[in-house]
1. Just to check your reading of the model, which residue among Asn180, Asn207 is out of contact with any Gly (no Cβ under 9 Å at 6 or more places or on another chain) and not in a helix (DSSP H, G or I)?
2. Determine which member of the set Thr94, Thr105 is of a type in the set (S, T, N, Q) and surrounded by 18 or more Cβ atoms within 10 Å (Cβ to Cβ).
3. Identify all residues within region 203-224 that are among the acidic types (Asp, Glu) and modelled with pLDDT of 80 or more; write none if there are none.
4. If you take the residues in region 114-146 that are more than 19 Å from Val174 (Cα to Cα) and among the aliphatic types (A, V, I, L, M), which one is surrounded by the fewest Cβ atoms within 10 Å (Cβ to Cβ)?
5. Just one of the numbered conditions (1) in contact with a helix residue (DSSP H, G or I) (Cβ under 7 Å, 6 or more places away or on another chain); (2) surrounded by fewer than 11 Cβ atoms within 10 Å (Cβ to Cβ) is not true of Arg274; which one?
6. On the basis of being under 22 Å from the mean Cα position of the chain (by Cα) and either hydrophobic (A, V, I, L, M, F, W, C) or crowded, with 19+ Cβ neighbours inside 10 Å (or both), does Val154 make the cut?
Amino acid sequence: MPTQREDIIMKSIFELFKGDAVKFFGIDARITASARTELTHIPVQRKTDDWLWDTDEGFYLHFEFQSGCDKKDMSRFMVSDAILHFNTGKPVRTIVVYSSDITETITTLDAGAIQYKVEAFYMSNLDGDKTYADIKAKVDAGEPLTKQDLMSIVFLPMMKNSVEKETRFEQAIVLSKGINVRYEQLQIQAMLGLLAEKFLSDEAQLNRLKGMMSVGAIFEMMREDIVRDYSNEIASEIARKLLKRGISVEAVCEDTGLLESTILSLRKELEDERK
């Protein structure tokens, strides 16, 4: 499911690191809960924000994960934020995270009466060589790794590096083996695998990287679980929106691909919420 790969990676990162993920991007805010919003208001296109967090400070943090950007992307972000603000009345702060291939891009959009602005976070500004050396020193010394270190391992191949991406992926996988918590180690490797699929096109390179992972078979299982759970989450959110608008169970089943029993259960939940 390549069209959702960035979403899957970001979801995994925020699920694992939660508030520490926000700190990694230099944002001082206390997140309270994810607030993913399915935007069926946009005609024809069903669009879900990459990742959305509510904060104690009273605004939303909206993250987008991009390997490129043009005005169409900016327009899409603007529409998402405008609808979210219209529905909730809350301000929206949008951060667009760019891979190391992007060093400069547009952050504002002049739409006439609407002046829109996002914040850009460039991975190219992060020194991958220094980050790798610092974390490797910790691993070699047997020191515990912080959440920020774990996030840095995931993003190492996307930072500015003096070595090829494949080499940095290999080094990141080796570093991940120094993570003491088994669940975190597997999660980090799964995320590295997803990123490798996005940035490396050579099948032999990908197979070599998978072979380096502690448990290749478990990695494949985790990848499938992440994709399936994420797809079901989106489908359930869409179904709830459609049911709220009075769409029939049969039509919702057809639109989302969910089982009728699942749709009926969601409808009952909505009815209970109204009581």
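The values are calculated or read from the model by the stated rules, or taken from the named source; none is laboratory data. Keep in mind it's a predicted model, so treat the numbers as computed, not measured. Positions of Cβ are backbone-derived with ideal geometry, glycine not excepted, and every protein chain shown enters the neighbour counts.
1. Working: Asn207 fails: not in a helix (DSSP H, G or I).
So the residue among Asn180, Asn207 that is out of contact with any Gly (no Cβ under 9 Å at 6 or more places or on another chain) and not in a helix (DSSP H, G or I) is Asn180.
2. Details: Thr105 fails: surrounded by 18 or more Cβ atoms within 10 Å (Cβ to Cβ).
Unique residue meeting the criteria: Thr94.
3. Initially, region 203-224 is screened for residues among the acidic types (Asp, Glu), giving 203, 220, 224.
Passing the criteria: only Glu203.
4. Taking region 114-146 as the starting set, the residues that turn out to be more than 19 Å from Val174 (Cα to Cα) are 114-126.
Cutting the leftovers down to among the aliphatic types (A, V, I, L, M) gives us 114, 118, 120, 123, 126.
Details: Ile114: 9, Val118: 23, Ala120: 17, Met123: 20, Leu126: 18.
Among residues in region 114-146 that are more than 19 Å from Val174 (Cα to Cα) and among the aliphatic types (A, V, I, L, M), the one surrounded by the fewest Cβ atoms within 10 Å (Cβ to Cβ) is Ile114.
5. (1)
6. Details: under 22 Å from the mean Cα position of the chain (by Cα): yes; either hydrophobic (A, V, I, L, M, F, W, C) or crowded, with 19+ Cβ neighbours inside 10 Å (or both): yes.
Considered against the rule, which asks whether it is under 22 Å from the mean Cα position of the chain (by Cα) and either hydrophobic (A, V, I, L, M, F, W, C) or crowded, with 19+ Cβ neighbours inside 10 Å (or both), Val154 comes out as yes.
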